[in-house]
Amino acid sequence: MTSRDLVLVSLFAAIIAALGILPPIPIAFIPVPVTAQTLGVMLAGIILGRKRGAAAVLLLFVLIVIGLPVLSGGRGGLGVFVGPTAGFLVGWLPGAYIAGALAEIYADTQSPVKQTFGFFIAAAMGGIVVVYFLGIAWLAYGAGTGVSKAVAGTLAFVPGDLIKAGLAALAGRAVMLGYPLLPKRSL
């Protein structure tokens, strides 16, 4: 990694941490609060690409492990990786990678509408589908809620996460116009 890459990775780890300052919104029937940090995960993948986006999340994980309160609600430490929300948290790493990999494919698209829509798909696949898959699996089996309850409980998050994916797509498109950071690759 170049020094520029290290700065970008650090910057996006800081952005994800800063989004944790916004207070979490608890939902009564599920132990997972609504947070803004998943937006940061989507942004890291879409703006930086698969490798640097995943590295930003990995750096954030290091900060969490050493106990810094960088998660929503001022949480940190190893305990967050074994709680009921651990699957969603762990899903951030592959989520950023998948979002970045898909965004790299759409980065070379000439049509602004297709590129923005591609970034939306990338954010939704990485930041919603991948993160939800791991989070639901952890809730169902690790926390013992059962699959149907875990799926039903996460449906409340879908509209907000779709809005986050839209914001990430628009931000990714704006960055591509002004200061392209995303590596381009094809299928």
In region 60-90, the residues that are touching a Ser or Thr at 6+ places or on another chain (Cβ under 9 Å) and either buried (at least 21 other Cβ atoms within 10 Å of the Cβ) or at positive phi (or both): L71, S72, G73, F88
If you scan region 88-146, which residues turn out to be in a helix (DSSP H, G or I), among the hydroxyl-bearing types (S, T, Y) and either closer than 19 Å to L58 by Cα or modelled with pLDDT under 95 (or both)? Y97, Y106, Y132, Y141
If you go through G153, G144, G126, G178, the only one that is small (G, A, S), open to solvent by less than 80 Å² (accessible area, probe 1.4 Å) and touching a helix residue (DSSP H, G or I) at 6+ places or on another chain (Cβ under 6 Å) is G126
Taking V57, is it open to solvent by 20 Å² or more (accessible area, probe 1.4 Å) and either modelled with pLDDT of 95 or more or farther than 17 Å from A96 by Cα (or both)? no
Regarding region 156-174, can at least one residue be identified that is more than 13 Å from G53 (Cβ to Cβ), part of a helix (DSSP H, G or I), in contact with a helix residue (DSSP H, G or I) (Cβ under 6 Å, 6 or more places away or on another chain) and of a type in the set (K, R)? yes
Is there any pair linking a residue in region 34-63 that is in a loop (DSSP other than H, G, I, E, B) to one that is buried (at least 21 other Cβ atoms within 10 Å of the Cβ), with Cβ under 6 Å and at least six apart or on different chains, and which? T35/S72; G49/G100; G49/E104; G49/L182
Filter region 1-28 for residues that are open to solvent by 90 Å² or more (accessible area, probe 1.4 Å) and either among the aliphatic types (A, V, I, L, M) or touching a helix residue (DSSP H, G or I) at 6+ places or on another chain (Cβ under 9 Å) (or both) and give the result. M1, L6, V7, I21, L22, I25, A28
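The values are calculated or read from the model by the stated rules, or taken from the named source; none is laboratory data. None of these values were measured; they are calculated from a predicted model. Glycine also receives a Cβ, built like all others from the backbone with ideal geometry; neighbour counts cover every protein chain displayed. Note: areas computed on protein heavy atoms with side chains; ligands, DNA, RNA excluded. Shrake-Rupley method; radii C 1.70, N 1.55, O 1.52, S 1.80 Å.
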